[in-house]
1. Of everything in the stretch 396-424 that's within 23 Å of the chain's Cα centre (by Cα), hydrophobic (A, V, I, L, M, F, W, C) and outside any loop (DSSP other than H, G, I, E, B), which residue is nearest to Ile356 (Cα to Cα)?
2. Among (1) small (Gly, Ala, Ser); (2) in a helix (DSSP H, G or I); (3) over 17 Å from Ile124 (Cβ atoms), which single condition is Ser167 missing?
3. With in contact with a strand residue (DSSP E or B) (Cβ under 8 Å, 6 or more places away or on another chain), surrounded by 15 or more Cβ atoms within 10 Å (Cβ to Cβ) and not acidic (Asp, Glu) as the only criterion, which of Ile389, Ile356, Ile403, Ile384 stands out?
4. Can you give me the number of residues within the stretch 239-276 that are at pLDDT 90 or above, of a type in the set (Gly, Ala, Ser) and over 22 Å from Ser229 (Cα atoms)?
5. Please work out if Ala340 is assigned to a helix (DSSP H, G or I) and either aromatic (Phe, Trp, Tyr) or touching a residue at least 60 places away in the same chain (Cβ under 8 Å) (or both).
6. I need every pair where a residue in the stretch 144-156 that is among the acidic types (Asp, Glu) has its Cβ under 8 Å from the Cβ of a residue that is part of a loop (DSSP other than H, G, I, E, B) and surrounded by 12 or more Cβ atoms within 10 Å (Cβ to Cβ), sequence separation at least 6 or different chains.
7. Can you report the number of residues in the stretch 297-321 which are touching a Phe, Trp or Tyr at 6+ places or on another chain (Cβ under 8 Å) and within 25 Å of Arg241 (Cβ to Cβ)?
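The values are calculated or read from the model by the stated rules, or taken from the named source; none is laboratory data. Small disclaimer: the values here were computed from a predicted structure and weren't measured. Virtual Cβ from ideal backbone geometry, glycine too; neighbours counted across all protein chains shown.
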Amino acid sequence: MSLINFIAVLLCAAILLKIVADIIAFELSTRHILSAPQIEQDDVEAWATGSRRLHIVIPLLNEQNRFDELAAQFQRILEEYPYTTLNFVTTARELIADQDNKITTMGLIDRFIFVQEAKFRERIRRMHYPNVNQTIVEQLNYGLRVVLKQSGDRDFVLFYNADSVISPDDIGLFAREICDHQPAAIQQSALFLNNFEALINNGQFICAADAIFQSRWTLYREIPRYLFSSHNSLGIPISIRRLVFQHCTTHGLAVNVKVMRKLGGFPVTRFGLEDSAVGFALGVRHLQIRSLSSLENADAATNVRSLIMQKSTWVRAAWGTIEYYFDAIRSQANQLTAFAFLLQGVYMSLKWSLGIPLFIVALVWADSTTRTVLIIGYLGMAYIPYLQIYFLWRKLPQDTFPIVSLGEYLRVAPAMLGAPFVHGTVGLLGLVRLIKQVVLRESFKQIKTK
């Protein structure tokens with residue numbers, strides 16, 4: 001057997017094992033999501049008697065087109081949950097980038113606050129980052145510093161994005177998790193189906209397919225890691241479970257104020273991203289991150305250009321573990337856990353960035369039997385999540401996850417064939433851009449995607 005054929009056989013085995021593992025992971029995630037309890041008035045009162053507050057923080061940049069819908073969603077939360085505050089963080093970057101726009105996000109927020117009743121107005125705030133930020137972490141940390149100054153140690157800060165769609169009951173679920181488990185952090189994971197119908201109607205089938213493929217990551221990787229680490233029911237020692245790297249996202253993330261103060265806010269990275277960096281920082285300090293048993297609905301990229309920009313940026317979250325590791329070993333973090341996280345991060349990075357090139361090489365040079373197995377494995381990677389997510393979608397709350405018709409969903413089927421290829425190819429592009437930045441010592445600027 002030639003070396004190429006040997007590598008191809010190993011790749012076949014890895015793909016088939018991965019498909020089996022993914023099916024099991026999906027089942028675990030589905031059970032967790034569909035087990036979300038009903039929120040009762042007792043949950044609201046239990047939180048209120050604990051003298052805690054939940055500070056919702058939302059960074060905004062050029063969100064004129066969606067602000068009214070966003071504001072209406074969170075106003076309902078303010079009305080139902082008296083212990084919440086709503087904090088918008090705007091930035092001077094919007095004024096510089098769009099000087100001719102007479103309607104700004106800042107103006108819309110100020111108008112929204114002005115028309116509120118006094119009892120709600122005092123719980124809403126706009127903070128304005130006065131500089132032109134290159135990355136969202138600058139904007140987040142600016143708002144966070146203000147919130148932390150006026151918060152008690154038992155309060156929590158909850159982050160969302162402008163495109164986040166949640167149910168008001170989700171806030172009650174956060175309250176219940178905090179009262180029952182006192183975690184350092186809670187992550188509400190997301191599916192990227194909020195604009196799925198619009199993508200189909202606009203003929204953006206590649207983006208619609210990627211919305212499914214990206215949602216697959218949530219169900220196959222993100223939620224199972226939280227369940228394994230913090231919701232263990234298999235009798236696995238905590239010393240083992242702590243070695244699993246949990247990747248946070250800054251939309252749907254709730255963190256205890258005292259913990260956030262100890263971290264000094266979100267880590268400011270040179271090459272990585274703030275969300276995976278904070279997950280790394282929490283994990284190496286053995287701080288528990290729980291998974292909320294309810295999902296957020298978020299937007300997918302609206303065109304191929306935005307998709308490429310978005311995913312070539314996201315791959316930094318995996319490669320950034322190298323940077324996070326060296327930061328961790330200079331701190332009081334657990335060294336063994338940090339090294340375990342590093343190994344997982346490097347593996348994820350290599351798989352994402354180099355998996356498709358290796359697959360193509362194996363496909364070209366393998367014998368016919370191995371080539372057939374590789375093709376079947378690739379089709380499984382593309383179409384198994386396509387089927388799974390549709391059947392899960394039908395069971396999700398329709399007020400948060402309004403489903404498209406089966407006919408519309410089937411229109412995306414041809415584009416799913418290319419979803420793994422697009423995902424891997426853009427990962428490789430992200431690696432190339434990252435290497436270029438390192439070599440040329442360029443600063444990183446996050447581009448707002450649509």
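1. Phe421
2. The number of the failed condition is (2).
3. Result: Ile389 is the single residue among Ile389, Ile356, Ile403, Ile384 that is in contact with a strand residue (DSSP E or B) (Cβ under 8 Å, 6 or more places away or on another chain), surrounded by 15 or more Cβ atoms within 10 Å (Cβ to Cβ) and not acidic (Asp, Glu).
4. Matching residues across the stretch 239-276 total 2.
5. Yes: the conditions hold for Ala340.
6. Asp155/Arg52; Asp155/Arg53
7. Adding up the residues that qualify gives 4.
For every residue, the table says whether it meets (1) touching a residue at least 24 places away in the same chain (Cβ under 8 Å); (2) surrounded by 15 or more Cβ atoms within 10 Å (Cβ to Cβ); (3) polar (S, T, N, Q); (4) out of contact with any strand residue (DSSP E or B) (no Cβ under 6 Å at 6 or more places or on another chain).
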{"site": "Glu63", "(1), (2), (3), (4)": "yes, yes, no, yes"}
{"site": "Phe88", "(1), (2), (3), (4)": "yes, yes, no, no"}
{"site": "Met106", "(1), (2), (3), (4)": "no, yes, no, no"}
{"site": "Phe114", "(1), (2), (3), (4)": "no, no, no, yes"}
{"site": "Met127", "(1), (2), (3), (4)": "yes, yes, no, no"}
